[in-house]
Amino acid sequence: MLWNVTTVEYLNSGHLGCPGCGASLSMRHALKALGEKTVVVIPACCWSIIAGPFPTTALSVPLLHVPFATAAACASGVRRALITKGHQDVQVMVWAGDGGTFDIGFQALSGAADRNEDFIYVCYDNEAYMNTGVQQSSATPCGAWTTTTPGGKDFAYQKKDLIGIVLGHHPAYIATATVSFPEDFYLKFEKARKAHGFTFLHLLAACPPGWKIDSQDSLKVTRLAVDSGVFPLIELNESGELQQTYRPDSPIPVKTYLQSQKRFKDLSDEDIELIQAQAEEKNKKYLPA
Amino acid sequence: MEIINQDSLVAPGDLNEAPISMTTTEGNLTGSWKFFSPCLQEKVSPCRTACPIQNNIAEYMYFLNQGEKDRALEILRESNPLPAITGRVCPRFCQQECNRLQLDQGVLIGSVERFLGDYGLKIPYPAPEKKRSERVAVVGSGPAGLAAAYFLARAGIQVTVYEKEAEPGGLLRWGIPEYRLPKDVLRQELDNLINSFNIGLECRQDMTSEKIEALSSDYQAVFCAPGLGASILPREFAGYDRVRQGLDLLYDLQQGRIPEGRRFAVIGGGNVAVDAARSLLRYGKEVEIIYRRTYAEMPAYPDEKRHLSEEGIPVQEQSLVTDITPHKGALRLSVSQAVKSEQGIVPGPVGSEQEVDVLVLAVGQTEHLRIEPKERLFVGGDLQLGASSVVEAMATGRQGATAILQQLDPEQEAPELPAPEPAAVNLTYVPRKKPLLLRETALEERVSGFVETDPGFSEDEAQLAAARCLSCGKCTACGLCWFFCPDVSIALETEADPPGVTIDSEHCKGCGLCAFVCPRGVIRMEED
């Protein structure tokens with residue numbers, strides 16, 4: 001089978017994700033990577049809806065819907081309960097959007113990371129509050145259209161460097177990934193599965209309606225994000241440094257990435273140059289692959 | 001993490017009091033959301049479109065890759081009755097269009113075809129499904145005539161082939177040197193074809209226009225592909241014993257008649273010139289090519305030109321022989337630099353002299369028979385096309401056979417050749433593979449005899465080459481669409497024949513990711 005992926009599915013069809021949803025595809029493969037013995041903890045986010053209304057569920061593994069600000073706290077509890085009951089082999093995975101991670105769930109995340117709780121925190125970042133109708137979050141990039149930033153997000157507010165913040169908590173493992181780079185995606189989930197302690201995975205997940213792209217472009221666009229350096233694929237290596245896990249053969253300008261989405265259509269040439277400079281600055285920090 | 005003291009835990013409440021979803025979302029028929037539906041539609045691969053006889057390369061590569069050699073051969077023979085020959089001498093139009101060229105290395109289609117062709121040399125063709133009473137004559141047993149004979153015989157027609165020489169093959173036999181096409185391979189391929197279909201063969205039949213006319217009253221139809229039997233002789237070279245025509249020379253060499261003399265010059269830049277030069281080298285002659293344009297402009301096939309250079313045969317580019325004078329049993333050539341002018345290529349002022357024992361002309365062929373196509377008389381091969389490749393000649397043979405069958409049986413619809421709709425492929429998720437190396441016979445061994453320059457592929461190499469083929473336009477159930485479906489709505493049928501995928505239209509939301517990722521361009525989104 002392709003990339004030695006299991007044919008067992010833990011995501012059911014009939015889920016309520018939009019056509020071409022990056023978060024749904026990411027969940028499908030995250031669970032294939034982690035396997036049957038996984039408990040998923042979901043705060044308020046797109047996935048609260050995608051998972052289906054009571055009494056249905058889109059997952060064939062246990063899923064806990066928890067309040068917006070509490071994903072990391074609840075996951076800590078689930079982990080401790082599992083240990084108490086002797087189920088050390090069960091994975092706990094938080095599956096939160098950027099709102100529940102960068103903004104509302106931030107202190108719970110910081111607390112769990114600080115206590116080095118043994119679970120995997122996955123933030124599927126679609127760069128705004130998509131579930132409630134595309135309001136900006138602190139993960140929204142500069143210049144992007146949302147309903148609360150109709151002229152594009154102000155350049156005074158850059159996308160929060162969450163990787164940098166979580167890194168400051170000394171996690172066991174940390175990485176960025178996106179499902180349009182499947183080998184890299186699976187390798188990182190495998191490392192997260194094997195790591196002991198707090199693990200943070202930052203996934204870029206395309207949102208066709210929120211990013212104003214065609215549903216069939218949702219893989220292409222996240223590949224452009226990586227190839228342009230807007231979303232570098234990195235991980236914490238054994239020496240405790242962030243390292244690129246993939247370096248594009250021929251990097252493309254961020255302009256190509258930005259022009260692939262209508263949420264960036266009002267950017268001026270100066271804006272694009274600024275974003276190009278920001279991307280280059282960010283990438284300089286990481287060790288070469 | 002330390003185990004928490006059991007006693008310190010608050011006893012949990014009854015879990016059954018909390019709402020728990022226990023049924024799946026599969027009851028949501030999300031397929032009703034969609035505006036577009038993915039449709040599986042096989043396309044024509046660009047290699048097939050480029051192939052004059054439209055070999056179904058994507059299909060036979062797929063079956064070879066599955067280890068089904070016989071099935072691969074059967075598919076190849078659908079369109080090509082001479083694969084061991086074309087696998088050696090075809091200029092490989094297909095390879096220039098291979099989608100894989102954009103990724104790492106194009107598929108070495110010709111070498112795989114040759115492997116399959118060699119495998120088929122001893123495997124007879126299946127008998128035609130029905131025998132028919134009509135008889136058709138074919139004039140000329142070159143590639144066009146043989147292809148016509150094959151497509152007619154396969155339809156059950158009784159075919160008789162008339163050949164001028166003592167043995168069949170036409171230019172294949174006496175125009176192509178053994179280092180490109182060994183006689184043994186030619187004999188086996190032709191014997192197998194002729195014997196499988198019981199094709200009548202009348203050799204040593206020198207046809208004239210009148211005789212061909214006569215044939216058309218004896219047979220229901222005649223397909224005429226006698227080739228271009230006359231070599232062009234520019235006036236200034238006429239009347240000299242030591243001036244030879246390239247094809248005549250090749251013919252003599254094939255018969256074992258080696259011309260006297262040590263120093264040879266060949267005028268021309270096509271395959272005949274290169275074949276003549278390389279053959280003479282193998283008989284220990286000193287040989288050079290004189291060509292009026294640049295080396296890059298020589299119309300000989302690129303591989304042949306490369307071999308020419310490797311074997312150390314010099315090419316005097318942009319040179320014209322303006323005059324020849326016999327001199328002490330040799331020929332003295334006046335060679336001028338060729339200059340492009342409005343009148344074409346003309347001799348420039350600068351000239352030099354050189355002496356050769358024999359001057360070989362390879363400046364083109366022209367017809368030796370004038371035949372006008374008419375009812376029941378069809379024309380093909382080089383006589384129709386002008387000098388062309390083996391495979392292009394074969395294409396005319398197939399067209400001729402199709403036209404004859406149509407005329408014999410106007411009710412029957414002509415077999416529809418696939419429309420050249422290119423398969424738009426996405427190579428993003430195709431893993432790169434290490435390029436394959438083409439082995440070639442060592443230079444010393446090559447120039448000292450007529451061993452094949454290209455030793456061909458072993459079975460393992462052919463398999464590796466076939467494994468590189470994406471089978472553009474054909475679903476192989478590779479699984480990429482399944483992998484990238486966010487709605488778990490694609491099932492793979494790897495065991496099916498042909499393999500494929502099924503789409504759960506009750507749940508598919510029509511996002512189109514399957515169509516985007518498909519590396520073979522088989523899925524198309526259609527508006528509901």
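Just a few scattered comments:
- Modelled spin-label separation between A:ASN116 and A:ASP154, with each label point placed 7 Å from Cα along the Cα-to-Cβ direction: 4.1 nm.
- For B:MET525, the residues whose modelled amide H falls within less than 5 Å of its own, excluding neighbours fewer than 5 places apart on the same chain, are B:CYS39.
- Selection from A:TRP145, A:SER76, A:ILE213 lying farthest towards where the dipole of region A:2-286 points positive, charges on Cβ: A:SER76
- When each of B:TYR240, B:TYR162, A:TYR121, B:TYR119 is scored by the number of other beta-carbon atoms lying within 10 Å, the sequence from fewest to most is B:TYR240, B:TYR119, B:TYR162, A:TYR121.
- The mean sequence distance of close C-alpha pairs (under 8 Å, at least 6 residues apart), as a share of the length of chain B, puts its relative contact order at 23 percent.
- Counted charge near B:GLY120, where neighbours are those whose Cβ lies closer than 11 Å (Asp, Glu -1; Lys, Arg +1): -1
- Altogether, the Stokes-Einstein calculation at 37 °C and 0.692 mPa s, with the Kirkwood radius of chain A over Cα pairs as Rh, returns a diffusion coefficient of 173 µm²/s.
- If you take all other residues with their beta carbon under 12 Å from the beta carbon of B:ARG100, and give Lys and Arg +1 and Asp and Glu -1, the sum is +2.
- Across region B:238-365, the mean sequence separation of Cα contacts (distance under 8 Å, 6 or more residues apart), normalised by length, yields a relative contact order of 31 percent.
- Annotation: extensible slack from B:GLN66 through B:GLU202 equals 44.8 nm (criterion: 0.36 nm per residue apart, minus Cα-Cα distance).
- Taking amide hydrogens as placed 1.01 Å from N in the peptide plane, the amide H of A:ALA128 sits under 5 Å from those of A:ASP98, each at least 5 positions away in sequence or on another chain.
- Checking every one of the GluC sites (Glu not before Pro) in region B:485-528 against DSSP loop status and a limit of 15 other Cβ atoms within 10 Å picks out B:GLU495, B:GLU506.
- Chain B: proportion of alpha-carbon pairs further apart than 39 angstrom, %: 41 percent
- Coordinate range along principal axes, alpha carbons of region B:321-378, Å, largest first: 55, 36, 12
- Distance cut-off 16 Å, percentage of C-alpha pairs in region B:240-302 lying past it: 41 percent
- Going from the fewest other Cβ atoms within 10 Å to the most, the residues A:TRP145, A:TRP47 appear in the order A:TRP145, A:TRP47.
- Relative contact order (%) - criterion: Cα under 8 Å, at least six apart; region: region A:2-286: 17 percent
- Value of [θ]222 nm, deg cm²/dmol, for chain A, DSSP H segments ≥ 4, -39500 (n - 2.57) each, nearest 500: -9500 deg cm²/dmol
- Exercise: per-residue mean of other protein chain Cβ atoms within 10 Å, B:511-519: 5
- Scaled against the 2.2 N^0.38 Å expected of a compact globular protein of N residues, the Cα radius of gyration of region A:199-289 reads 1.14.
- Relative exposure of B:ILE258, B:ILE324, B:ILE194, B:ILE267, judged by other C-beta atoms within 10 Å (fewest first): B:ILE258, B:ILE324, B:ILE194, B:ILE267
- Dividing the helix sum by the residues of chain B, where each DSSP H run of 4 or more adds -39500 (n - 2.57), gives a mean residue ellipticity at 222 nm of -9000 deg cm²/dmol.
- Multiplying each eigenvalue of the alpha-carbon gyration tensor of region B:238-365 by 5 and taking the square root yields semi-axes of 22, 19, 12 Å, largest first, rounded to whole angstroms.
- For region B:500-510, 3J(HN,Hα) per residue [Karplus equation, 6.51 cos²θ - 1.76 cosθ + 1.60, θ = phi - 60°, Hz, x = Gly/Pro]: x, 9, 10, 10, 7, 6, 6, 10, 4, 9, x
- Loop GluC sites (Glu not before Pro), region B:39-134, which have at most 16 other Cβ atoms in a 10 Å radius of their Cβ (DSSP): B:GLU68, B:GLU129
- Semi-axis lengths, largest first, of the ellipsoid equivalent to the protein assembly as shown are 70, 32, 23 Å, with √(5λ) applied to each eigenvalue of the Cα gyration tensor.
- Estimated vicinal HN-Hα couplings, Hz - region A:215-220 in sequence order (Karplus 6.51, -1.76, 1.60; Gly, Pro = x): 4, 7, 9, 5, 7, 4
- Restriction of the GluC sites (Glu not before Pro) in region B:336-385 to DSSP coil positions whose beta-carbon has at most 12 other beta-carbons within 10 angstrom yields B:GLU342, B:GLU375.
- Cα centroid separation - region B:76-147 against region B:450-491, whole Å: 20 Å
- Remark: region B:255-263, residue by residue, has Karplus-estimated 3J(HN,Hα) of 8, x, 9, 9, x, 6, x, 10, 9 Hz, where x stands for each Gly or Pro and the curve is 6.51 cos²θ - 1.76 cosθ + 1.60 at θ = phi - 60°.
- Average beta-carbon neighbours from other chains, 10 Å sphere, peptide B:438-449: 0
Bear in mind these aren't lab numbers, they're just calculated from the coordinates by the rules spelled out. These numbers come from a predicted model, not from an experiment. With ideal geometry, Cβ positions are generated from the backbone for all residues, glycine too; neighbour counts draw on all protein chains shown.
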